[in-house]
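Below you'll find the structure, written out as structure tokens, and then a few comments.
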Amino acid sequence: MDKIMERKQIPEKFKWDIDTIYKDKEEVLKEIESIREKLEKIIKFKGILTESAENLYKCLCLTDEAGIACDRVYVYTAMKRDEDNSNPLGQELSDIGSKIYVEFKSASSFISPEIIMAGSNKINEFPKLKIYEHYFDNILRQQKHFLSSNEEKIVMESEEMAFGFENIFKMLNFVDLKFPKIKDRLGNEYELTTSNFNKYQQSKDRVLRKNAFEALYTSYGEFKNTYGALYSSAVKRDIFYAKVRGFESSLEASLFSDNVSKTIYHNVINTVSENINLLDRYCRMKKQLLNIEDLHLYDLYTPNVENVDMEVEFDNAKEMVLEVLSILGEEYSLILKEAFDDRWIDIYENSGKYSGAYSSGSHDTKPYILLNYKNKITDVLTLAHELGHSVHSYLSRKNQPYVYSNYTIFCAEVASTTNECLMYLYLMNKLKDDARKYIINSFLETIRTTYYRQTMFAEYELIAHDIAEKGEALNGDKLCNIWMKLYEKYYGRECIIDEKIKMEWARIPHFYDAFYVYKYVTGLSAGISIAKSIIEDRKNLERYFEFLKSGGSKYSLDLLKNAGVDMFSKKPIEDTAFMFKYLLDEMQK
């Protein structure tokens, strides 16, 4: 195995150039001093913010200025930590960046409540503030769910206690929960942890897969009542805050921040449910490819195709990405070339570097990308994915004022998934034999584990919250029953539903951030729908570019509709099912 290089051993041309933002700690501290001066001026508007248009305008301009500088410090210090977590300076800078970000949020926290208290009639008297029209609308629509100042204070102070369930879950799940050693078919012993479980589920050794599966979920079963009480309490918290703010349900309260209706959520579940027959077909195909008669749940993650050892040097990956994404037009290609030539990307792994990949940056910096590129074909897909985020950020920040320069989480995966879909389809056309099978299988698994699995998660959350909102008790046994019925619904015709799977709900951290996971399905579906529309008709490219340039200047559903994706209809969700069917057809050829 090649030894991982130290940060200093990697040539500069392969590293991002974030030190052009700040050259040292002293420059960061000087910026923070300037931010704190702005925060002192912002706080002086507390209590008089909406007395005049001039007050409101000056305060918002100051807040934007402070926000731009604060974001710049925050992302720079976080990236400095992530490029080498063993470097004490990076850790220190990250703490400094996090602290000023909290100070900024605290200093500006009075703005939304005072705008809400003033009301739409008062705010509409200020035509000078037209640029903030959507910003105000997004705040003022909270009016009917806003409490008195004393009640708001109590609610805010309760949140530190009420939102501690995720931390308790993490301590139990990642620290206190222990697993027995497991054996493979030859009797070799292995350590089992929550982090290496997925690796064992992908093993070619079926005995090892089964033993890992049974050991993990037996261990969770020993804490069934604890996990049940923990999740039940988190659900009660969701219901409490929904009721306090006058929402009909915890689902409605959760979707409110994105201005998304319950119709969208139910549409996802209903449309995916109508296409479960394709999941059955996938499972039948998997039995054939794995040459097994009975497909157990511990077989689901076993690759259908042997991992293909395809070495792709970064320069070749760059050329592939440029070639594929040229379908998005000259302007898009020029931005990609800038990303490669202007050191947006931190390419290779080094000791202490943050694992995985992400896109970062702030309003007035480059949209930087962190990779751990290992010359695999999957790394090429990751590169295209992160470039989707970065070009979206680049165009939003270039074309929108600061207040609208960030897109929502609901829209966040659309551009990245569009790129990824285009890459998959390109590689399917370019590659032959086992390499082509490997790419098709990879795309199938991406859809299965997002489209079907995350929808199953979304349905579980809905059922659990509905039960609690009817006044019925939630406990470990009841949650296990819900989970088993969902597995019967999604996999019961073609898979053996192993009894141990009933505890899987207990290990999903996203359930402590209620009704979040459905966004993975909408993001995937919107991205596939857009990629499909551009391939079919290049005229659709123009409206996609408008979406990329719009940031957060409108509500998410409106932005997507302008891009040709109507999430109130079944079409985007069905487009993903059609893509899954196409991939199944190609694999079976």
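Among the numbered criteria (1) closer than 26 Å to VAL260 by Cβ; (2) in a helix (DSSP H, G or I), which one does PHE515 miss?
(2)
Only one of these is surrounded by fewer than 16 Cβ atoms within 10 Å (Cβ to Cβ), assigned to a helix (DSSP H, G or I) and of a type in the set (D, E, K, R): LYS23, LYS13, LYS80. Name it.
Residue meeting the stated conditions: LYS13.
Would you mind finding the one in LYS105, LYS30, LYS3 that is among the basic types (Lys, Arg) and part of a loop (DSSP other than H, G, I, E, B)?
LYS3
Within region 396-420, which residues are assigned to a helix (DSSP H, G or I), over 20 Å from the mean Cα position of the chain (by Cα) and not charged (D, E, K, R)?
Answer for region 396-420, where residues must be assigned to a helix (DSSP H, G or I), over 20 Å from the mean Cα position of the chain (by Cα) and not charged (D, E, K, R): ASN399, TYR402, VAL403.
Kindly provide the set of residues from region 536-558 that are crowded, with 19+ Cβ neighbours inside 10 Å and among the aliphatic types (A, V, I, L, M), ordered by number.
LEU548, LEU557
VAL28 fails exactly one of the following numbered conditions: (1) surrounded by fewer than 16 Cβ atoms within 10 Å (Cβ to Cβ); (2) more than 24 Å from PRO401 (Cβ to Cβ); (3) at pLDDT 95 or above. What is the number of that condition?
(1)
Hey, does region 215-222 have a residue that's in contact with a helix residue (DSSP H, G or I) (Cβ under 9 Å, 6 or more places away or on another chain), under 30 Å from ASN372 (Cα atoms) and not charged (D, E, K, R)?
yes
Mind checking which residues of region 467-484 are without any contact (Cβ under 8 Å) to a residue 24 or more places away in the chain and under 27 Å from the mean Cα position of the chain (by Cα)?
To start, the set of residues in region 467-484 that are without any contact (Cβ under 8 Å) to a residue 24 or more places away in the chain comprises 467, 470-472, 481-484.
Of everything in region 467-484, those that are without any contact (Cβ under 8 Å) to a residue 24 or more places away in the chain and under 27 Å from the mean Cα position of the chain (by Cα) turn out to be ILE482, TRP483, MET484.
Does TYR132 qualify as being part of a helix (DSSP H, G or I), assigned by TED's automatic domain parsing to the domain that holds TYR76 and in contact with a Leu (Cβ under 7 Å, 6 or more places away or on another chain)?
Details: part of a helix (DSSP H, G or I): yes; assigned by TED's automatic domain parsing to the domain that holds TYR76: yes; in contact with a Leu (Cβ under 7 Å, 6 or more places away or on another chain): yes.
Yes, satisfied.
Is there any pair with a first residue in region 38-54 that is under 15 Å from GLU103 (Cα atoms) and a second that is part of a helix (DSSP H, G or I) and at pLDDT below 95 whose Cβ atoms are under 6 Å apart and which are 6 or more apart or on different chains, and what are they?
Qualifying pairs under 6 Å: LEU39/ALA107; ILE42/ALA107; ILE43/ALA107.
Is it the case that CYS61 is among the hydrophobic types (A, V, I, L, M, F, W, C), modelled with pLDDT of 95 or more and touching a Phe, Trp or Tyr at 6+ places or on another chain (Cβ under 8 Å)?
It is false that CYS61 is among the hydrophobic types (A, V, I, L, M, F, W, C), modelled with pLDDT of 95 or more and touching a Phe, Trp or Tyr at 6+ places or on another chain (Cβ under 8 Å).
Would you point out which residue out of MET423, MET484 is aliphatic (A, V, I, L, M) and either assigned to a loop (DSSP other than H, G, I, E, B) or under 22 Å from LEU387 (Cβ atoms) (or both)? Write out each step before concluding.
Values: MET484 fails: either assigned to a loop (DSSP other than H, G, I, E, B) or under 22 Å from LEU387 (Cβ atoms) (or both).
Testing whether each residue is aliphatic (A, V, I, L, M) and either assigned to a loop (DSSP other than H, G, I, E, B) or under 22 Å from LEU387 (Cβ atoms) (or both) leaves just MET423.
Consider region 431-447. How many of its residues are touching a Pro at 6+ places or on another chain (Cβ under 7 Å) and surrounded by fewer than 19 Cβ atoms within 10 Å (Cβ to Cβ)?
0
Can you pull out every residue in region 522-535 that is of a type in the set (S, T, N, Q) and crowded, with 24+ Cβ neighbours inside 10 Å? Steps first, answer last, please.
Kept after step one, since they are of a type in the set (S, T, N, Q), are these residues of region 522-535: 522, 525, 529, 533.
The answer is THR522, SER525, SER529.
Which of (1) at pLDDT 95 or above; (2) crowded, with 22+ Cβ neighbours inside 10 Å does PHE410 not meet, given it meets every other one?
Here PHE410 meets the rest and fails (1).
Given the options ASN124, ASN55, name the one that is modelled with pLDDT under 90 and not assigned by TED's automatic domain parsing to the domain that holds ASP258. Give the steps one after another, and end with the answer.
Working: ASN55 fails: modelled with pLDDT under 90.
It is ASN124.
Here is a list: LYS519, LYS489. Which entry is within 15 Å of the chain's Cα centre (by Cα) and either surrounded by fewer than 21 Cβ atoms within 10 Å (Cβ to Cβ) or touching a residue at least 40 places away in the same chain (Cβ under 8 Å) (or both)?
So the residue among LYS519, LYS489 that is within 15 Å of the chain's Cα centre (by Cα) and either surrounded by fewer than 21 Cβ atoms within 10 Å (Cβ to Cβ) or touching a residue at least 40 places away in the same chain (Cβ under 8 Å) (or both) is LYS519.
Only one of (1) within 24 Å of VAL565 (Cβ to Cβ); (2) part of a helix (DSSP H, G or I); (3) among the acidic types (Asp, Glu) is not met by ASP280, so which one is it?
Here ASP280 clears every test but (1).
Hey, does region 197-212 have a residue that's at pLDDT 95 or above and of a type in the set (Ser, Thr, Tyr)?
The answer is yes; a qualifying residue exists.
Do we find a residue being surrounded by 15 or more Cβ atoms within 10 Å (Cβ to Cβ) and farther than 25 Å from GLU445 by Cβ anywhere in region 181-202?
yes
Could you grab me the full set of residues in region 42-93 that are under 30 Å from PHE126 (Cα atoms), within 29 Å of the chain's Cα centre (by Cα) and among the acidic types (Asp, Glu)?
Scanning region 42-93 gives ASP64, GLU65, ASP71.
Looking at this structure, is LYS374 of a type in the set (Lys, Arg) and at pLDDT below 95?
For LYS374, the condition - of a type in the set (Lys, Arg) and at pLDDT below 95 - is met.
In region 129-185, how many residues are aliphatic (A, V, I, L, M) and in contact (Cβ under 8 Å) with a residue 12 or more places away in the chain? Spell out how you get there, then give the answer.
Start the filter on region 129-185 by keeping residues that are aliphatic (A, V, I, L, M), which leaves 129, 131, 139-140, 147, 154-156, 161-162, 168, 171-172, 175, 177, 182.
Still in the list and also in contact (Cβ under 8 Å) with a residue 12 or more places away in the chain: 129, 131, 139-140, 147, 155, 162, 168, 172, 177, 182.
Of the residues in region 129-185, 11 are aliphatic (A, V, I, L, M) and in contact (Cβ under 8 Å) with a residue 12 or more places away in the chain.
I'd like the residue in region 341-392 that is part of a helix (DSSP H, G or I) and charged (D, E, K, R) and, out of all such residues, is surrounded by the fewest Cβ atoms within 10 Å (Cβ to Cβ). Full working, then the answer.
First, the residues of region 341-392 that are part of a helix (DSSP H, G or I): 341, 377-392.
Right, trim to charged (D, E, K, R) and you get 341, 379, 386.
Numbers: ASP341: 8, ASP379: 18, GLU386: 25.
The residue in question is ASP341.
The values are calculated or read from the model by the stated rules, or taken from the named source; none is laboratory data. None of the values given here were measured: they were computed from a predicted structure. Please note: Cβ atoms are built from the backbone with ideal geometry, for glycine as well, and neighbour counts cover all protein chains shown.
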